[in-house]
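Asks: Starting off with a structure, shown below.
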Amino acid sequence: MENEQSRVIREQIPRSELREHSSPLYLTSSFIFDSAEQGRAVFAQEEEALVYSRYSNPNTTEFINKVCIMEQAEAGLSFSSGMAAVFSSLAGLVRSGDHIVSSRAVFGSTHQLLTELFPRWGITHTYVDATDKQGWEDAIQENTKVLFVESPSNPGLEVIDLKHLASLKEKHPQLTLIIDNCFATPHLQKPLTFGFDLSLHSATKYMDGQGRVLGGVVVGSQELIDQLTFMLRHTGPALSPFNAWILSKSLDTLSLRMDKHCENALAVANFLEQHKEVEQVRYPFLSSHPQYELAKQQMKAGGGIITMVVKGGFERAKNMIDSLEMIKYTSNLGDSRSIATHPASTTHSKLSQEQRATLGIQEGSIRLSIGLEYVNDIIEDIDRALLKSK
Ligand SMILES: *Cc1c(COP(=O)(O)O)cnc(C)c1O
């Protein structure tokens, strides 16, 4: 079986003697040893066997295997949330005195990790403007161990040149390149094929796709994953088998769902670009996007997130969100239901207006996570809210 979609759907943990068709849920915290001798051999790493669900579980293994197929990765680890994946991936690679170079526009909690938590342990960072090619190179120091990016970024939807960053490793072989690939999903973007070392996800978003469970995953080479395994096993942010079971089943439809998210989002973005109450629209697959050509090279489609700026600024944006009827305001994205958020008054409210501007957030910016509803219903709701909030 060559086809990625077929392989994902057919990937399954070994059937039990009950001959079930669909993978069962293994809600067990531990696994028994056949004998004291087997217990010894497993702990001595002479024999591989399931031991304890903090280490691994059939359901988490199946979920990871499917992500590895899609990302073309050798190995992976699953986590209780996207942030657990971000934290463990970074913390597993750096130590006191090390330095991280990161794109400036990163997920809020990743920003807190870099600016508030890591400095407590003597780990420093430099932020770079995503599209400033020379800036990346200039930021690399002798003690830089990790280069971390999000592309497309949240909520500015900047697209970073992944091949260019991977080429920096020729001069700086000590670097490990990590991408938070959550917005694109492995269906739209495969960063390891561009030379990235680790690709991680908040599985809470498109992988679940229906706003039900939290989860995280990181994939890459066996060698790097082995390094991170120590961190996962002994700090304990393990993914619950139940969540893994949900996520694994959801991955069977990820590519279908993403194609539809992208089709709907492009239609909404085109509609908004013509709208007289809209100042600006950002979507990677609109030809007006500053990195449109790059987005087309490294992504299969533009994704499900649009950032728009309404005329009238802060108050108008809030009014518009309040005027939406079908689309709800909630702190999630990548759901089958469309979602609207206003970064300036919520996720990014603690930043100054200037700081927000560097992240591509204006007072009137609204982030739309376009769902799987009938596209005309999405457009109608947004249009009505735009006119009502005038
Ligand atoms: C949501 C999100 C995270 C954090 O994931 P959780 O599952 O909420 O912990 C990290 N990165 C990006 C880009 C996200 O959207």
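Asks: Out of T144, T176, T193, T185, report the one residue that is touching an Asp or Glu at 6+ places or on another chain (Cβ under 6 Å), at pLDDT 95 or above and more than 25 Å from R356 (Cα to Cα).
Replies: So the residue among T144, T176, T193, T185 that is touching an Asp or Glu at 6+ places or on another chain (Cβ under 6 Å), at pLDDT 95 or above and more than 25 Å from R356 (Cα to Cα) is T176.
Asks: Here's another thing I want to ask about it. Could you give every pair whose Cβ atoms fall below 6 Å, whose first residue belongs to region 1-18 and is closer than 16 Å to N59 by Cβ, and whose second residue is outside any loop (DSSP other than H, G, I, E, B), counting only separations of at least 6 or pairs across chains?
Replies: Qualifying pairs under 6 Å: V8/K66; V8/I69; V8/L251; E11/N65; E11/K66; I13/P58; I13/E62.
Asks: Now a separate question. Give G97, G76 a once-over and let me know the one that is on the phi > 0 side of the Ramachandran plot and either assigned to a helix (DSSP H, G or I) or open to solvent by 10 Å² or more (accessible area, probe 1.4 Å) (or both).
Replies: None of the others qualify; the one that does is G97.
Asks: Give A317, A295, A267, A244 a once-over and let me know the one that is surrounded by fewer than 16 Cβ atoms within 10 Å (Cβ to Cβ), aliphatic (A, V, I, L, M) and either in the same structural domain as G156 (by TED's automatic domain parsing) or not in a loop (DSSP other than H, G, I, E, B) (or both).
Replies: It is A267.
Asks: Turning to a different aspect of this structure: Considering only residues of region 174-214 that are away from the ligand (no atom under 11 Å from the Cβ) and charged (D, E, K, R), which is nearest to G371 (Cα to Cα)?
Replies: R212
Asks: If a residue must be surrounded by 15 or more Cβ atoms within 10 Å (Cβ to Cβ), within 16 Å of the ligand (Cβ to nearest atom) and among the small types (G, A, S), how many such residues does region 320-335 contain?
Replies: Summing the residues that are surrounded by 15 or more Cβ atoms within 10 Å (Cβ to Cβ), within 16 Å of the ligand (Cβ to nearest atom) and among the small types (G, A, S) in region 320-335 gives 1.
Asks: Could you check, for region 16-24, whether at least one of its residues is of a type in the set (A, V, I, L, M, F, W, C) and in a loop (DSSP other than H, G, I, E, B)?
Replies: Checking region 16-24: at least one residue is of a type in the set (A, V, I, L, M, F, W, C) and in a loop (DSSP other than H, G, I, E, B).
Asks: Continuing with the same structure: Has region 54-71 got at least one residue that is more than 25 Å from L351 (Cβ to Cβ), assigned by TED's automatic domain parsing to the domain that holds P152, surrounded by 21 or more Cβ atoms within 10 Å (Cβ to Cβ) and within 11 Å of the ligand (Cβ to nearest atom)?
Replies: no
Asks: Considering only residues that are in a loop (DSSP other than H, G, I, E, B) and either small (G, A, S) or open to solvent by 70 Å² or more (accessible area, probe 1.4 Å) (or both), which ones fall in region 298-314? Walk me through how you get there before you give the answer.
Replies: First, the residues of region 298-314 that are in a loop (DSSP other than H, G, I, E, B): 299-304, 311-312.
K300, A301, G302, G303, G304, K311, G312 - these are the residues of region 298-314 that are in a loop (DSSP other than H, G, I, E, B) and either small (G, A, S) or open to solvent by 70 Å² or more (accessible area, probe 1.4 Å) (or both).
Asks: Quick check: is even one residue across region 330-340 out of contact with any Gly (no Cβ under 8 Å at 6 or more places or on another chain) and of a type in the set (D, E, K, R)?
Replies: Within region 330-340 (the criterion being out of contact with any Gly (no Cβ under 8 Å at 6 or more places or on another chain) and of a type in the set (D, E, K, R)), the answer is no, since none of the residues qualifies.
Asks: Being modelled with pLDDT of 95 or more and more than 16 Å from S80 (Cα to Cα): is that true of I225 here?
Replies: Values: modelled with pLDDT of 95 or more: yes; more than 16 Å from S80 (Cα to Cα): yes.
When the stated conditions are applied, I225 passes them.
Asks: How many of the residues in region 128-161 are within 19 Å of the chain's Cα centre (by Cα) and either within 16 Å of the ligand (Cβ to nearest atom) or farther than 30 Å from Q280 by Cβ (or both)? Before you say what the answer is, go through the steps one by one.
Replies: So the first thing to find is which residues in region 128-161 are within 19 Å of the chain's Cα centre (by Cα), and the list is 130, 146-161.
Narrowing further to those that are either within 16 Å of the ligand (Cβ to nearest atom) or farther than 30 Å from Q280 by Cβ (or both): 130, 146, 148-160.
Total meeting the criteria: 15.
Asks: With respect to M83, determine if the residue is open to solvent by 10 Å² or more (accessible area, probe 1.4 Å) and either at pLDDT below 95 or among the hydrophobic types (A, V, I, L, M, F, W, C) (or both).
Replies: When the stated conditions are applied, M83 passes them.
Asks: Out of A85, A166, report the one residue that is farther than 22 Å from G236 by Cα and among the small types (G, A, S).
Replies: A166
Asks: Does A91 satisfy the condition of being buried (at least 23 other Cβ atoms within 10 Å of the Cβ) and within 16 Å of the ligand (Cβ to nearest atom)?
Replies: Answer is no for this residue.
Asks: Please work out which residue is nearest to the ligand (Cβ to nearest atom), limiting yourself to region 230-241 and to residues that are part of a helix (DSSP H, G or I) and surrounded by fewer than 16 Cβ atoms within 10 Å (Cβ to Cβ).
Replies: At the first step, the residues of region 230-241 found to be part of a helix (DSSP H, G or I) are 230-235, 241.
With surrounded by fewer than 16 Cβ atoms within 10 Å (Cβ to Cβ) added as a condition, the list becomes 230, 233-235.
Numbers: F230: 21, R233: 20, H234: 20, T235: 15 Å.
Among residues in region 230-241 that are part of a helix (DSSP H, G or I) and surrounded by fewer than 16 Cβ atoms within 10 Å (Cβ to Cβ), the one nearest to the ligand (Cβ to nearest atom) is T235.
Asks: Give the number of residues within region 270-288 that are assigned to a loop (DSSP other than H, G, I, E, B) and over 20 Å from G334 (Cβ atoms).
Replies: Here is the first cut: in region 270-288, the ones assigned to a loop (DSSP other than H, G, I, E, B) are 275-277, 283-288.
Subsequent filtering for residues that are over 20 Å from G334 (Cβ atoms) retains 275-277, 287-288.
The total comes to 5.
Asks: Which of the strands (runs of 3 or more DSSP E) found entirely inside region 122-229 contain at least 2 residues meeting this: open to solvent by 30 Å² or more (accessible area, probe 1.4 Å)?
Replies: Those strands (runs of 3 or more DSSP E) span 124-128.
Asks: Please enumerate the residues belonging to region 1-27 that are polar (S, T, N, Q) and open to solvent by 50 Å² or more (accessible area, probe 1.4 Å).
Replies: Here is the first cut: in region 1-27, the residues polar (S, T, N, Q) are 3, 5-6, 12, 16, 22-23.
Those that are polar (S, T, N, Q) and open to solvent by 50 Å² or more (accessible area, probe 1.4 Å): N3, Q5, Q12, S22.
The values are calculated or read from the model by the stated rules, or taken from the named source; none is laboratory data. From a predicted model like this one, the values you see are computed outputs, not experimental measurements. Cβ atoms come from the backbone with ideal geometry, glycine included; neighbour counts cover every protein chain shown. Keep in mind that these areas ignore ligands, DNA and RNA; they rest on the heavy atoms of the full protein, side chains included. Shrake-Rupley method; radii C 1.70, N 1.55, O 1.52, S 1.80 Å.
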